[in-house]
1. Among the residues of segment 4-11, are any free of Cβ contacts under 8 Å to residues at least 24 places away in the same chain and under 25 Å from residue 168 (Cα atoms)?
2. If you check 127, 108, 113, which single one turns out to be assigned to a helix (DSSP H, G or I), of a type in the set (Asp, Glu) and surrounded by 14 or more Cβ atoms within 10 Å (Cβ to Cβ)?
3. Inspect all residues belonging to segment 59-71 and state whether any of them is touching a Cys at 6+ places or on another chain (Cβ under 7 Å), outside any loop (DSSP other than H, G, I, E, B), touching a residue at least 40 places away in the same chain (Cβ under 8 Å) and of a type in the set (A, V, I, L, M).
4. Within segment 3-24, can one find any residue that is in a strand (DSSP E or B), over 17 Å from residue 103 (Cα atoms) and in contact with a Pro (Cβ under 9 Å, 6 or more places away or on another chain)?
5. Restricting the search to segment 22-41, which residues are surrounded by fewer than 16 Cβ atoms within 10 Å (Cβ to Cβ) and either closer than 17 Å to residue 164 by Cβ or of a type in the set (Gly, Ala, Ser) (or both)?
6. I need the full set of residues from segment 81-105 which are closer than 25 Å to residue 20 by Cβ and surrounded by 15 or more Cβ atoms within 10 Å (Cβ to Cβ), in order please.
7. Could you please let me know if residue 131 is among the aliphatic types (A, V, I, L, M) and within 19 Å of the chain's Cα centre (by Cα)?
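The values are calculated or read from the model by the stated rules, or taken from the named source; none is laboratory data. Keep in mind that this is a model prediction, so the values were computed, not measured. Cβ: placed from backbone, ideal geometry, glycine included. Neighbour counts: every protein chain shown.
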Amino acid sequence: MHPNPAFRTADAARNLAFARDRGFGTLCLNGSAGPLISHIPFVLSDSGHEARLHLLRSNPIVRATTAATPAAIAVTGPDAYVSPDWYGDPGQVPTWNYIAVHLRGALEPRPQEELRADLDLLSAHFEHRLLPKPPWTTAKMEAGALDRMMRTIRPFRFHVESVEGTWKMNQNKTPAQRLGAAEGVETGGIGSETAHLAALMRAVKA
C-alpha cells in the first residue's frame, strides 16, 4: 500500500465493495522455497469476512496449504502512467495512478463436497452481468464431464482479517493539476481502463 495517507482515505466498506465487484485477484502466501502466487477468481461474501475460491490440485499452493495458512489477495483496478507535462507545472515528476485493495487473512482447504456449490456461486456472480444472455450454469454440462473436471480442483475459503486500499488519484495535487492529468490519462494514457481512471480522478473532492 502507498504510504501517503492522501491515497488511503477509502473506508473498509468501499474497499470491500471494490474487491467484491472485481472478483479477481492475486493470491499470495509464503512457501518453503519462496513466495507462492496464483491469479484467481473469487466470490467475497456480503459481510466481507470470507471469500470462496478454488485451485487446481496441481497448484503448489494446494500442496502447501494443509490447514489454515496466512495469505493475502491483492485486487487491482484501473491504472495509468501520469506524465508531468499534463500538470502544467515544470516542477512535477512522473507517477502512476491506480487502485489496489489488499485482503489479508488465512487460506483454508475445504471438503470436496462443497465444490459444486462454490462453482455455481462463482459462475452466477459473473453470469448475471451478461444479461440478457441466459446465464450459464453447471447444469448445462454433462454429468460425467463435470465430475471429471471437479476431480482436478479443490475448494478453499479465504478468511478476511484485514483490508487495506490505495486509491491514487492525484489527491495531493491542485484541482487544476489533477484535472489536467485526468485529461491526459483519458486521451493518451498508458495503462488499463484509463477512461474509468480519468473519471475517478475527476470525481475526487477538492
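1. First, pick out the residues of segment 4-11 that are free of Cβ contacts under 8 Å to residues at least 24 places away in the same chain: 5, 11.
Now narrow it down to the ones that are under 25 Å from residue 168 (Cα atoms): 5, 11.
The answer is yes, given that some residue of segment 4-11 is free of Cβ contacts under 8 Å to residues at least 24 places away in the same chain and under 25 Å from residue 168 (Cα atoms).
2. 127
3. Of all residues in segment 59-71, those touching a Cys at 6+ places or on another chain (Cβ under 7 Å) come to 71.
Adding the requirement that they be outside any loop (DSSP other than H, G, I, E, B) leaves 71.
So of that shortlist, the ones also touching a residue at least 40 places away in the same chain (Cβ under 8 Å) come out as 71.
Right, trim to of a type in the set (A, V, I, L, M) and you get 71.
Looking for residues that are touching a Cys at 6+ places or on another chain (Cβ under 7 Å), outside any loop (DSSP other than H, G, I, E, B), touching a residue at least 40 places away in the same chain (Cβ under 8 Å) and of a type in the set (A, V, I, L, M), one finds at least one in segment 59-71, hence yes.
4. Taking segment 3-24 first, the residues in a strand (DSSP E or B) are 24.
Those left that are additionally over 17 Å from residue 103 (Cα atoms): none.
No: zero hits.
5. 26, 31, 32, 33, 34
6. Filtering segment 81-105 down to residues closer than 25 Å to residue 20 by Cβ leaves 96-105.
Correct list: 97, 98, 99, 100, 101, 102, 103, 104, 105.
7. Numbers: among the aliphatic types (A, V, I, L, M): yes; within 19 Å of the chain's Cα centre (by Cα): no.
Taking the combined requirement at face value, the residue does not satisfy it.
Residue-wise test of (1) surrounded by 22 or more Cβ atoms within 10 Å (Cβ to Cβ); (2) more than 30 Å from residue 51 (Cα to Cα); (3) of a type in the set (D, E, K, R).
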site	(1), (2), (3)
159	no, no, no
162	no, no, no
165	yes, no, no
175	no, yes, no
182	yes, yes, no
